[in-house]
1. With θ set to phi - 60°, apply the Karplus curve 6.51 cos²θ - 1.76 cosθ + 1.60 along region 51-58 and write out the HN-Hα couplings as whole Hz, x wherever there is a Gly or Pro.
2. How would you rank 127-133, 78-84, highest first, on the average number of other Cβ atoms within 10 Å across their residues?
3. Using all Cα-Cα distances in region 56-110, what percent lands in each 5 angstrom bin from 0 up to the longest?
Amino acid sequence: MLKTLRIMPQNYSYLESIENFENIDTTAQRVLITLVVDCSGSMEPHFPELQKKFDDFIAKSKDNEDVSRCADICIVTYGTEVTVPVRPMSIAKVSSVRFTNMGLTNTPKALETAIEESRKWRKTIQENGMQVWKPWVVLMTDGWTTYPDLDSGYSSCYSRTKMNEIIKNSREYESNGKHHIFALGMGTDYDSNELRNITDRCLAITDWNFDDFFGWLFKSVATMSQPTISFSGSGNAVDSDTGEEVTAVDTGEEFQAMLSKFLSVKS
């Protein structure tokens, strides 16, 4: 069933009101991808390439009828502070996001923000009677957590104890089947131990070529957006044409390349 609803600005989310979509298909199994993008100073030289590949990914998603029908996206950017330039909304309605230098690397606060956005999205979607895939949170970072002193006055400044608590909670939330977390190490200076503390789903791109990452992400989203997929009574996704269960994560060439890079570069 299609609902014709008014469109809201990009920074407005249907977490407050479901009414920011036009012709939303409420029968579709929706999926949310939350990209958590490290915009610290060390990332600045790589913003042009990241910007181009991100824009290409959005354009390709909009051009795909199934993806544009089913997929939602949220963008969290972070440095010293954390911002959410795109609250969860249909990928078909998103315009470009500009990546700029935001200072230090406050990963725990960014992760906490992303999980809260995905949690609210899932609750809202289910309350409106729609089927959902587990929302994805994809952390993209080139370094390790750096953050301002507790007395610096920054609202997002956390103690090490608080940071560890956030990571622990994210692990528990994931193990309880609430969402999937992926961590993408970029370059060769990221902290593999920190990423492993966050999730077991760790990948890497060492040459700053984002093709593998966005290629893998698009294939995974496209799989979840197939119109032949439905959910069984046990909650598993099933292809109605073949009767086979469907997994959300594409584990093809791009995935294997990023997994291999993480395992080979980082001990």
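We did not get these values from a lab; they are worked out from the coordinates using the rules stated. Computed from a predicted model, the values in this text were never measured in an experiment. Here the Cβ positions follow ideal geometry from the backbone for every residue, glycine too, while neighbour counts run over all protein chains shown.
1. 4, 4, 5, 5, 4, 5, 4, 5
2. Those peptides, ordered most packed to least, come out 78-84, 127-133.
3. Final binned percentages: 4, 19, 24, 18, 14, 12, 7, 1.
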